[in-house]
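So the structure is just underneath, and the comments pick up after that.
Just so you know, all these numbers are worked out from the coordinates, no wet-lab data involved. Predicted model, so just to flag it, every value in this text is computed and none were measured. For neighbour counting, all protein chains shown are included, and Cβ atoms are generated from backbone atoms with ideal geometry for every residue, glycine included.
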Amino acid sequence: DEDWGLRPWAVTTFEPEKKNIGPKTYAKVFELLLRLKANLLWLAMHPGTAPFYSDPENVKVAAAYGIMIGSSHAEPMLRNNVGEWDEKQKGHFNYITNKDSVYAYWEERVKQSGSNKVVYTLGMRGVHDSGIEGVKTAKEAVPLLERIISDQRNLLQKHHPKDAAEIPKVFTAYKEVLEIYDNGLRLPDDVTIVWPDDNYGYIQRLNNQDEKQRSGGSGVYYHASYWGRPHDYLWLSSTHPSLIREEMMKAYENKTDRLWVLNVGDIKPLEYNIQLFFDMAFDAAPFRQSTYTKTHLQNWAKQVFQTKASEITAVLLQYYDLAFERRPEFMGWSQTEPTTKTTYTSYNHFYYGDEAQRRIDQYQKLQKTATDLRKQIAGEKADAFYQLVYYPVVCAAWMNKKFLYRDKAFLYAKQNRSSAKDYAKLSNAVYDSIAIETEYFNQHLRKGKWNGMMSMKPRDLPVFQAPDIPAINIQNGLLWNVAPEGYDTAAFQQKREKSLPIFTKGIQQKYFIDVYLSGSQPVQWTAEPSASWMRLSQKEGILNNREQKNTVRIWVTIDWNKVPKAEAFSGHIVFAAEGIEQNVKITARQPKDLETFKGHVECNEQISIHANSYVKEVASPNSKWQTLNGLGHTGTSLQSHVSVENIDTVSVGKKAGYITYEFYSFSNSGPNVSVYTLPTHPLNKNYSMRYGISIDDGGVTIVDFKTIGRSEEWKQNVLRNSAVKTVSFSKLEPGRHTLKIYAIDPGVILDRVVINFSAKQKAYSVIPQTIKYQVTSFSF
């Protein structure tokens, strides 16, 4: 996908005499390949890019660098269909109705490339990343594709000095081609099967035992950048290094090692992930340990910058962690194919400690660290730091703030908060910051060396546009107001009783209350708790519209050393200003049975469990769960390892390995248990993506999160890097319970579990874990 960086840079700055990507640009790419210890290039092939073979100098440069030339899944026999197939002259790209023309088209390139170091893509799709023409079903395509591959092989035999079996040939089972393969397509044994990911970093298929025996071997086509549905990610590097390690090492252990191809987009934004991918390809052994990803990143930072390697590593890991939760390019909650408008995010602004603000704060801290580090890295390393660390970090931060500030402007206006207008201004300001920073990257960095390389709006998609914020109209019915955590716009409009969520002893909890201005005049306020066991971060202050001081957020905690000797108790906080008082109810509980319990506890009608917080792990001879460091939304996940092709699901409880969690519930109802896994795909056709789940040694429910094609479920999975399945259980009595999750299929990556009794407050990100700690106080 060279459209938004590499080609504009070549045209504008590096190779203007060609007005395209030409031999001078390719020479730099080939040199990069050698420095990466790589040796193969799938040629640039998008509309507007000159076909590689249209310039004989390109071929000479490839030969000089010893680089093997190949072509993508959509370009059989080294033909750049977009630039070389003229339908007006040659007719339809259809092997049924126009075989002679298509055959001659391929034969011309085979003759031309016979003396070069090349890898031929076999098969046929549409002209450009679309399905093969002339057939209606995958089954109908099988005999046609077999005939095409046979004819292509004969072409190679006819025009090459080598035997066809010795000529490198690949068949990439990409998109609809995988379905054709699954319908019985037979490939010559000497053809390398290339298994693709799903365009979002999750490999769709790997070898079964028969495929491992093929003489042609197998390979992987993997994306670190993508153009297409459900949404592009072409701007910044946002694929987590730990995900790349996990998926590619899974391929390596599966003997999928003849060919590894990485979609690098415009190259420049993806420099570290490219380095990681090819370091793994060259020497995979160290990467068998999941902890080595961090080691590799730190070694790379030390090699590049010589200084501050640990700090740079921490910044980049946090950057990738935040992008794993939601890529910057996905923050508009919009889609492509068809392109939809941006909408409000799914982050909760009123609950879970203000989930949206937590993400803003994380990015703000990261942005500050990157800015401080930039001041400490001088000389020839300064510009490298800007490109590799500073620009992606601050622009990702601004992209997130653009949408989360926009959300706050909209939502707070509904509560008549004066701050709504401030957030609207902030949203527009950070959009301007991205534009200014991108102009610096292109126009001023290294005196314009990279002019044209960085676009802040690839494909001009809605997510990259200025924020669309409706006119804000504040109704000044009250000069001031309070909004406790959980008091969303619906509660405001319905004028519900104001109260905080319930506090439970032993759980690390603090909840907020916002005191805010609605009018234009300053307001002096006070807050007085009805009992000393309620602790407030602030008890008085002045609200005014100057310097964005029209809101104060008060944090409330409980001093458990001062609470009444009762299992449940309550109090209230009185807020007063301008002769008006408002009460917020505070409720807490300390059940005696919890004093000896260690595990997860129901808080406000739900329980949040991180995968690695289990109390017992039991392996079976055939299956087990193992810790996977550095990957997942909680930092550490569990991966299923299964050594047999089929565990008898009837006797899962006896034959499958499992993990156990203990939880304590207060609700007298049946829970819905939502299990969050990474959206991985079955290892091969012999498996699915199953796990089992049970409560209190009851019957095991089998869950399968395998998705088909590019379904709506799959789209949501890759946009959020989570597959979520929910199982409903019958009524549980309040008290202690156990939850077991069984390993059935290999490659299931368990991230977290939420047990919901009747909680209505939704969260997009990880709900803080409700696990019992021995704490009695909380410092602000």
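Peptides 307-319, 388-400 ranked from most to least packed by the mean count of surrounding Cβ atoms within 10 Å: 388-400, 307-319. Tell me which lysines have Cα within less than 21 Å of K375's Cα, excluding those fewer than 8 residues away on the same chain? The qualifying lysines are K302, K308, K365, K447. Residues whose amide H lies under 5 Å from that of F350, counting only those 5 or more places away or on a different chain, are E355; hydrogens are built 1.01 Å from N in the peptide plane.
For segment 513-545, backbone nitrogen atoms closer than 14 Å to the point 7 Å from E581 Cα along Cα-to-C-beta are found at 526-531.
Net charge of the neighbourhood of L243, taken over other residues with C-beta under 14 Å away and scored Lys/Arg +1, Asp/Glu -1, is -2. Rounded to the nearest Å, what's the spacing between the alpha carbon centres of segment 162-203 and segment 755-773? Just the number, please. Computed from Cα coordinates, the inter-centre distance equals 43 Å. For segment 480-590, the gyration tensor built on C-alpha atoms gives a prolate shape. Its axis ratio a/c (a ≥ b ≥ c) is at least 1.5, and a/b is the larger of a/b and b/c.
Within 10 Å, Cβ to Cβ, of A429, how many net charges do the neighbouring residues add up to if Lys/Arg are +1 and Asp/Glu are -1?
Working: positive: K401, K402, K425; negative: D432.
Here the count lands on +2.
Which of the peptides 256-264, 150-158 is most tightly packed, and how do the rest follow, judged by the mean count of other Cβ atoms within 10 Å per residue? Please report the intermediate quantities before stating the final value.
Numbers: 256-264: 20.9, 150-158: 16.4.
Peptide ranking by packing, descending: 256-264, 150-158.
With r defined as the distance between the Cβ atoms of S150 and N183 and R0 fixed at 22 Å, what FRET efficiency is calculated, to the nearest 0.05? Kindly include the intermediate steps, with their values, before the conclusion.
On the way: r = 17 Å, r/R0 = 0.79.
So, using R0 = 22 Å, E works out to roughly 0.80.
Remark: segment 328-464 projects, on average over all directions, an area of 9.4 nm² (convex hull of Cα atoms). Under 5 Å from the amide H of A723 lie the amide H atoms of T677, L678, each residue being 5 or more positions distant or on a separate chain, with H modelled from the backbone and absent for Pro and chain starts.
The angle between the Cα long axis of helix 391-414 and the longest principal axis of the Cα atoms of the chain comes to about 50 degrees, rounded to the nearest 10. For the listed residue pairs K505/K565; K268/K449; K655/K706; K421/K457, the alpha carbons are over 20 angstrom apart in K655/K706; K421/K457. Evaluating 6.51 cos²θ - 1.76 cosθ + 1.60 at θ = phi - 60° for every residue in segment 667-672, the Karplus couplings come out as 6, 9, 7, x, x, 9 Hz, glycine and proline recorded as x.
With an 8 Å cut-off on Cα pairs and a minimum separation of 6 or more residues, tell me the relative contact order of the chain in percent. Before the final figure, lay out the partial values.
Details: 1535 pairs, mean separation 78.3, N = 780.
Contact order relative to length: 10 percent.
As a calculated quantity, the FRET efficiency between K136 and S346 at R0 = 30 Å, using C-beta atoms, amounts to about 0.20.
So what is the calculated 222 nm ellipticity per residue for the chain, using -39500 (n - 2.57) for each DSSP H run with n of 4 or more, over all residues, to the nearest 500 deg cm²/dmol? Could you put the intermediate results ahead of the total?
Details: 20 runs with 229 residues, N = 780.
That calculation yields -9000 deg cm²/dmol at 222 nm.
By how many degrees, between 0 and 90 and to the nearest 10, does the Cα long axis of helix 271-282 differ from the longest principal axis of the chain? Value to nearest ten degrees: 60.
I469 sits among other residues whose Cβ lies under 11 Å from its own Cβ, and their net charge, with Lys and Arg +1 and Asp and Glu -1, is +3. For segment 591-653, the set of GluC sites (Glu not before Pro) satisfying both a DSSP loop assignment and a count of at most 15 other C-beta atoms within 10 Å is given as E645. Label-to-label distance for K255 and K654 is 3.4 nm, based on points extended 7 Å past Cα in the beta-carbon direction. Here the 3J(HN,Hα) profile of segment 136-142, calculated from phi with Karplus coefficients 6.51, -1.76 and 1.60 at θ = phi - 60°, is 9, 10, 4, 5, 5, 6, 4 Hz, Gly and Pro shown as x.
Mean projected area of the convex hull spanned by the Cα atoms of segment 6-305, taken over all viewing directions: 16.0 nm².
Each of H681, H231 was scored by other Cβ atoms within 10 Å of its Cβ. Listed from fewest to most, they are H681, H231.
Please compute the contact order of segment 1-72 in relative form: average sequence separation of alpha-carbon pairs under 8 Å and at least six residues apart, divided by the residue count, as a percent. Before the final figure, lay out each step's value.
Working: 82 pairs, mean separation 23.2, N = 72.
Once normalised by length, the contact order is 32 percent.
For segment 542-585, the residues whose backbone nitrogen is under 14 Å from a point 7 Å from the Cα of K592, taken along Cα to Cβ, are 565-568. Helix 355-376 axis versus longest C-alpha principal axis of the chain: approximately 60°, rounded to the nearest ten. Taking a straight line from the alpha carbon of K99, these aspartates and glutamates sit under 13 Å away, with near neighbours fewer than eight places off in the same chain left out: E107, E133, D151.
The HN-Hα couplings worked out from phi for segment 454-467 by the Karplus form 6.51 cos²θ - 1.76 cosθ + 1.60 (θ = phi - 60°) are 10, 10, 8, 8, x, 6, 6, 6, x, 4, 8, 7, 4, x Hz, whole numbers, x standing for Gly and Pro.
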